[in-house]
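Nothing in this text is a laboratory measurement; each read-out follows from the coordinates by a stated rule. Owing to the predicted nature of the structure, the values given are computational and were not obtained by experimental measurement. Please note: Cβ atoms are built from the backbone with ideal geometry, for glycine as well, and neighbour counts cover all protein chains shown.
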Amino acid sequence: MSAGRWIITDGARWFFDAGADSLDFTSGPDSEVRHWLAERFERLPLAEIGERELVDALGLRQAIGRLAAAKADGVAPAPDDVDTLNLFAATPDVPPVLAGGRRQAGAGSIRVGQALSSLARDAVAMIGADDGRLRRCDADDCRMVFHDESRTGTRRWCSMQRCGNRAKVRAFRAKARGSMSILESDRPVPTVLRTDEFMLRPITADDAERDYAALMESREYLRLWEQSSWPADDFTVEANRDDLAGLEQRHAEHRAFTYTVVDPDDTQALGCVYVFPTSAKFLVAAAVTAVGDDAWADVDVVVYFWTRRSRMEQGMDERLLAALRGWFRDEWKAERTVYVTNEQFTQQAELLRRSDLALKFELVEPEKPGTYLVFG
């Protein structure tokens, strides 16, 4: 056997060398598992891999994938996955055969169980080793796990053809721009956006009562947007004041920026806008999948926003989005701004789909059930 396979993603064909046969077994779609086994184990007839054997293969494949990811991420493995791997590894594997003899011992076809046992034993050796060579691709928008078989142990990418090349392009672009993201520098950020209908300014703890009224009016929408129980029915003005004090401090420390959306007279809160760099902790912890050829690392600004329910029903969210796009382009000088919503917040998801923005990424936050859609 030899590790490595061609993979097609986003219409592009690239070669992925997993570095271990058991890890290569976990890549690619489930529909290819039967053919993969028959190709990798020359003496395993394809016809021998029936539905029962396929169920066993998929179970082992999933267990190896999760165990390898846990090892790469430095977290404890799931005991059920450990038991599954050990169970397969304890059965007879494919014996080695030396060619040239007159007898047929060991030269006949093998069983599926033997092939799975060989893969399980390979995974035990790989995952059980504490050599630091099982790791994830360095690209921010890639979650591939590989075993570094290089002599120096310095491999960074799932594939130089794919993520390695993208990293070189990004580095070249950054050098050409000659500056870092405004969110990761000490440059001042814009403070006000004015239109005839609304105004944006940095939020403060003093906005607690007005912001609270907007939150509670819109709480059913916000729970879909936030993918949590926030704001709860018993949420209070004082609890909101504490939240806003934290947002105000974060804004002052240049870690992320929160703007309240108010009417032109600054008497009523109409919504909020949140601005993050891709290095924000919750975004770093999220699984980001590119829909096309865009790279998450190229994004300058990540924007979340919501409008008060009564104003959203009047179409203000669409006008706010239009104003934000011009603001980030002209005032922030951000070349790559993305706007994020949750797929379950259908009103806002449809708003973004109706615009000329394109779906660029899908984002999943740990312990949140819905997928976030990222448009740019």
Review point. Near the amide H of A18, under 5 Å away, which other amide H atoms are found, from residues 5 or more places off or on another chain, if H is placed in the peptide plane?
Key: G4, R5
Point to revise | Magnitude of the charge dipole, the range 207-272, Cβ model with Lys/Arg +1 and Asp/Glu -1, debye to 20 | key: 280 debye
Revision key, fill the gap. Stokes-Einstein D for the chain (4 °C, 1.567 mPa s, Kirkwood Rh from Cα pairs), in µm²/s, comes to 54 µm²/s
Check your understanding: Ranked from highest to lowest mean number of other Cβ atoms within 10 Å per residue, what is the order of the peptides 72-85, 302-315?
Key -> 302-315, 72-85
Exercise for review: Have a look at G246, G315, L363 and report the one farthest towards the positive end of the charge dipole of the range 179-375, computed about the Cα centre with Cβ charges (Lys/Arg +1, Asp/Glu -1).
Suggested key: L363
Study note, to complete from the structure: Expressed in angstrom and rounded, the centroid-to-centroid distance over alpha carbons for the range 208-234 and the range 25-68 is 47 Å
Exercise for review: Report, largest value first, the span of the C-alpha coordinates of the range 5-171 along each principal axis, in whole Å.
Suggested key: 59, 34, 33
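How large is the charge dipole for the range 179-375, taken about the Cα centre, if only the Cβ atoms of Lys, Arg (+1) and Asp, Glu (-1) carry charge, to the nearest 20 debye? Don't jump to the answer; show the numbers that get you there.
Details: 22 positive and 37 negative charges, 81 e Å.
For the range 179-375, the charge dipole is close to 380 debye.
Pairs of alpha-carbon atoms within less than 8 angstrom and 6+ residues apart define the contacts here; what relative contact order does the chain have, in percent?
Working: 586 pairs, mean separation 46.8, N = 376.
The value is 12 percent.
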Check your understanding: In nm, to one decimal, how far is the modelled label at H254 from the one at R151, with both set 7 Å along Cα→Cβ?
Key -> 4.5 nm
Exercise for review: Report the residue, chosen from D206, D24, D196, that carries the largest GNM mean-square fluctuation when the chain is represented by alpha-carbon nodes joined by springs under 10 Å.
Suggested key: D196
Exercise for review: Compute the FRET efficiency between T236 and V192 as 1/(1 + (r/R0)^6), taking r as their Cβ-Cβ distance and R0 = 25 Å, and round to the nearest 0.05.
Suggested key: 0.30
Revision key, fill the gap. Expected max-MSF residue from A239, A349, A99 in the GNM of the chain (alpha carbon, under 10 Å) is A99
Study note, to complete from the structure: Taking the range 231-355, the whole-percent share of alpha-carbon pairs separated by over 16 angstrom is 70 percent
**Study point:** Assigned charges on the beta-carbon of Lys, Arg, Asp, Glu; the range 5-171 dipole about Cα centre (debye)
**Key:** 600 debye
Review point. Taking the Cα atoms only, what angle lies between the long axis of helix 165-177 and the longest principal axis of the chain, rounded to 10 degrees?
Key: 30 degrees
Practice item. Binning at 10 Å from 0, report for the range 220-267 what percent of all alpha-carbon pair distances ends up in each bin. Key: 21, 40, 38, 1
Point to revise | Using alpha-carbon coordinates, inclination of helix 79-89 to the longest axis of the chain, degrees | key: 20 degrees
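So what is the relative contact order for the range 5-171, in percent, with contacts set as C-alpha pairs under 8 Å and at least six apart? List each step's numbers first, then the result.
Numbers: 210 pairs, mean separation 42.4, N = 167.
Relative contact order of the range 5-171: 25 percent.
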**Study point:** Average Cα contact separation per residue, the range 179-375, under 8 Å, 6 or more apart, as relative contact order %
**Key:** 22 percent
Study note, to complete from the structure: Here, V97 and D30, labelled 7 Å along Cα→Cβ, have an inter-label distance in nm of 3.2 nm
